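K.L.:
Quick one: this structure, given as structure tokens, is what I'll be asking you about.
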Amino acid sequence: MFMPALQTVLKLVYPSRCLICGGLVETDFGLCGPCWRDTPFISGLVCDCCGVPLIGDSEDAEFCDDCLTTPPAWSQGRAGLVYKDNGRKLVLMLKHGDRHDIALPAAVWMARQIRPLLRENMVAVPIPLHFRRHFKRRYNQSALLSRALSRELGIDHAPDALERLRHTASLEGKTREQRYTTLSDVLRVRPSRVAAIAGRPVLIVDDVLTSGATLCAATEACLAAGASEVCVSVLARVAKEA
Ligand SMILES: [Zn+2]
Ligand SMILES: [Zn+2]
């Protein structure tokens, strides 16, 4: 009789489960068929700046109305999922549900979109939580994503490069203008980490892109610290219903 490989034994003891519904799946880190179908993966033409899906196809860089009206501070950005249905569910599970296991597959989905935009010598930097919120939640979901994404892409990771100077109240329900005012001067590159950023292209990583106010503040902080350029990668992009 052959001894089954360790992996096979582990598989029998701990079979792979769908990330969302917990049903059995064939591959690791997978989603079952029905959950996969309800997950709004982004593909095809997207806004070159914020990664929101656009209608049509084009060889040239295209931009959504929001980015045309108010161009973000970063140069290019991509998202893995639209923030709705299972896209929203996965973000909330990662953020509030202690589901660290989501970071790995999420990084694969994010990498698919962002890989063509990689710059030489790029360094991944997560959006930080304020230490008070970090203490309460015990982990920073953006740092889990940026760690997994930097490994997937084979780029450097500077998890503590950015810091939040003040605690900000939740941005939920605030207007775009209120978000920008709340966030200006809240983020900065830690003086001790400027050397990790200066002269290099930075990839800022976050879980959700809503108005882009947080990512703009982070971009400005990185540019102020001497970053040569900033791109952004998020797990999910909030998109207005067409
Ligand atoms: Zn499922
Ligand atoms: Zn856009």
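The values are calculated or read from the model by the stated rules, or taken from the named source; none is laboratory data. As the structure is a computational prediction, the values presented were derived from the model and not from experiment. Backbone-built Cβ (ideal geometry, glycine too); neighbour counts: all protein chains shown. Protein only, heavy atoms only, side chains kept; ligands, DNA and RNA dropped before computing areas. Shrake-Rupley method; radii C 1.70, N 1.55, O 1.52, S 1.80 Å.
K.L.:
For segment 33-56, which residues satisfy the criterion of being acidic (Asp, Glu) and within 16 Å of ligand 2 (Cβ to nearest atom)?
P.N.:
The initial filter retains those residues of segment 33-56 that are acidic (Asp, Glu), namely 38, 48.
The answer is ASP48, and nothing else.
K.L.:
Could you tell me which of the residues LYS89, LYS84 is farther than 16 Å from THR210 by Cβ, touching a residue at least 12 places away in the same chain (Cβ under 8 Å) and away from ligand 2 (no atom under 16 Å from the Cβ)?
P.N.:
After ruling out the rest, the residue left standing is LYS89.
K.L.:
So which strands (runs of 3 or more DSSP E) stay within segment 60-177 end to end and still have 3 or more residues that are closer than 21 Å to ARG193 by Cα and under 15 Å from the mean Cα position of the chain (by Cα)?
P.N.:
Working: elements: 76-82, 123-126, 162-164.
Those strands (runs of 3 or more DSSP E) span 123-126.
K.L.:
Going through segment 34-54 one residue at a time, which ones are free of Cβ contacts under 8 Å to residues at least 40 places away in the same chain, within 16 Å of ligand 1 (Cβ to nearest atom) and open to solvent by less than 40 Å² (accessible area, probe 1.4 Å)? Please lay out each step first, then the result.
P.N.:
Here is the first cut: in segment 34-54, the residues free of Cβ contacts under 8 Å to residues at least 40 places away in the same chain are 34, 36-37, 43-45, 47-49, 54.
Checking the rest, the ones that are also within 16 Å of ligand 1 (Cβ to nearest atom) come to 34, 36-37.
Scanning segment 34-54 gives no hits.
K.L.:
Report, by residue number, each residue of segment 21-32 that is hydrophobic (A, V, I, L, M, F, W, C), at pLDDT below 90 and either out of contact with any Pro (no Cβ under 6 Å at 6 or more places or on another chain) or within 16 Å of ligand 2 (Cβ to nearest atom) (or both).
P.N.:
Just the residues of segment 21-32 that are hydrophobic (A, V, I, L, M, F, W, C), to begin with: 21, 24-25, 29, 31-32.
Going one step further and asking which of them are at pLDDT below 90, we end up with 24-25, 29.
Within segment 21-32, VAL25 is the sole residue that qualifies.
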